[in-house]
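Reviewing the structure listed below.
The values are calculated or read from the model by the stated rules, or taken from the named source; none is laboratory data. Because the structure is predicted, anything quoted here is derived from the model rather than measured. No Cβ is skipped: glycine too gets one built from the backbone with ideal geometry, and neighbour counts run over all protein chains shown.
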């Protein structure tokens, strides 16, 4: 599996805004699925993805994982497949582990659903890289600013004659975030989206460190903020970035869009 991925949330190395207590939860229900090899609760049905891994670390075409209705036995790509799974416990999430027990590397998009708004947000998107082995797809990110109640896995159609199998999907996070929400509300960056001219308000924080990261975790701007309200000019290409304001050990992360 490709280990360096293009993710639409900044990589975990930012170390900002992580959940206080780390807990792991597994899916409780299947909300929707493109197809399944058999009907629940039979082997290779969609409900086999529910709960903790019961096949992994074993590898191969083994009962106990979800797989599709039929592989395409020609050179024509398989139809695109997907599954939506729900979680009864709702966490702010900072990583996801997908247990793949047969033909890994074929996930090309992952969505999280906002428990409050019902909005699906893309947290991973990249070209699938086929792997003959089993694997755990581990994706880290800054803690979501919303609680997650569902995950959608989208599978690439760029393969033939294969039965990829998925054993479990773990979310890691907590019921609270590492930032004090009252303090976070005192920090404002606007306009957002921006053409590169930003106003930053950090009420009552004193001197703060302001850093902008690209989606790969690279620092593209770093400077000190000494005033409660500062205007800065950001000369970086248009795109999605993440800003981090750090003061006295507290970090506040925001998504920043430059047009």
Exercise for the section: Select, from 233, 194, the only residue that is modelled with pLDDT of 85 or more, surrounded by 14 or more Cβ atoms within 10 Å (Cβ to Cβ) and over 20 Å from the mean Cα position of the chain (by Cα). Expected result: 194
Completion exercise
Within the range 52-72, the residues that are within 11 Å of residue 99 (Cβ to Cβ) and touching a strand residue (DSSP E or B) at 6+ places or on another chain (Cβ under 8 Å) are 52, 53, 54, 55, 56, 58, 59, 64, 65, 66
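Can we say residue 51 is at pLDDT 90 or above and assigned to a strand (DSSP E or B)?
Details: at pLDDT 90 or above: yes; assigned to a strand (DSSP E or B): no.
For residue 51, the condition - at pLDDT 90 or above and assigned to a strand (DSSP E or B) - is not met.
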Practice task
Would you mind stating whether residue 204 is at pLDDT below 85 and surrounded by fewer than 17 Cβ atoms within 10 Å (Cβ to Cβ)?
Solution key: yes
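If only one of 240, 220 is within 29 Å of residue 125 (Cα to Cα) and at pLDDT below 90, which one is it? Let's see the steps before the verdict.
Details: 220 fails: at pLDDT below 90.
So the residue among 240, 220 that is within 29 Å of residue 125 (Cα to Cα) and at pLDDT below 90 is 240.
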